[in-house]
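Chemist: After the structure tokens below, expect a handful of questions from me.
The values are calculated or read from the model by the stated rules, or taken from the named source; none is laboratory data. If you're wondering where the values come from, they're calculated on a predicted model, not measured in any experiment. Every residue, glycine among them, receives a Cβ derived from its backbone with ideal geometry; neighbour counts consider all protein chains shown. When the accessible area is computed, the model is the full protein with side chains, heavy atoms only, and any ligands, DNA or RNA have been set aside. Shrake-Rupley method; radii C 1.70, N 1.55, O 1.52, S 1.80 Å.
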Amino acid sequence: MDLLKPLFESGRIDFQGQDLASNLTTALLVLSAVVALAVGFVQNALSLTFYTYAGGVVLTYLAVLPAWPFYKRSQVNWLPRSASASAPSLVDSPNQPSSRKTLVEDVSDDD
């Protein structure tokens with residue numbers, strides 16, 4: 001169980017890995033559905049169709065949910081935060097004119 005622990009703890013994958021995981025999920029689920037329908041049709045058993053598809057879903061989860069190393073091949077190196085670039089202020093400065101209209105400015109009293 002200790003071998004699988006790093007796979008689940010470091011769950012950060014890169015953007016290309018996210019795209020690969022999405023495409024792999026779609027392909028594996030569609031393939032599972034086609035195989036399940038074929039097996040169910042040949043064996044003439046609806047329950048076998050469901051069990052085959054459930055097995056495909058489990059295999060898809062095992063292929064996609066852990067952060068496998070092939071999902072982390074294109075890591076993004078983010079720039080460090082500079083000291084001059086502080087977080088933008090949510091409060092308007094009193095020295096700068098506001099470009100937003102308030103509710104009072106939007107309502108006209110033409111009656």
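Chemist: Do we have any residue at all in the range 10-33 that's over 24 Å from Ala67 (Cβ atoms), part of a helix (DSSP H, G or I) and at pLDDT 95 or above?
Modeler: Yes, that holds for at least one residue.
Chemist: Answer yes or no: is there a residue in the range 73-80 that is loosely packed, with under 11 Cβ neighbours inside 10 Å, among the basic types (Lys, Arg) and modelled with pLDDT of 70 or more.
Modeler: Looking through the range 73-80, none of the residues is loosely packed, with under 11 Cβ neighbours inside 10 Å, among the basic types (Lys, Arg) and modelled with pLDDT of 70 or more.
Chemist: Right, next: Would a scan of the range 44-55 turn up a residue that is within 23 Å of Arg12 (Cα to Cα) and open to solvent by less than 90 Å² (accessible area, probe 1.4 Å)?
Modeler: Scanning the range 44-55, I find no residue that is within 23 Å of Arg12 (Cα to Cα) and open to solvent by less than 90 Å² (accessible area, probe 1.4 Å), so the answer is no.
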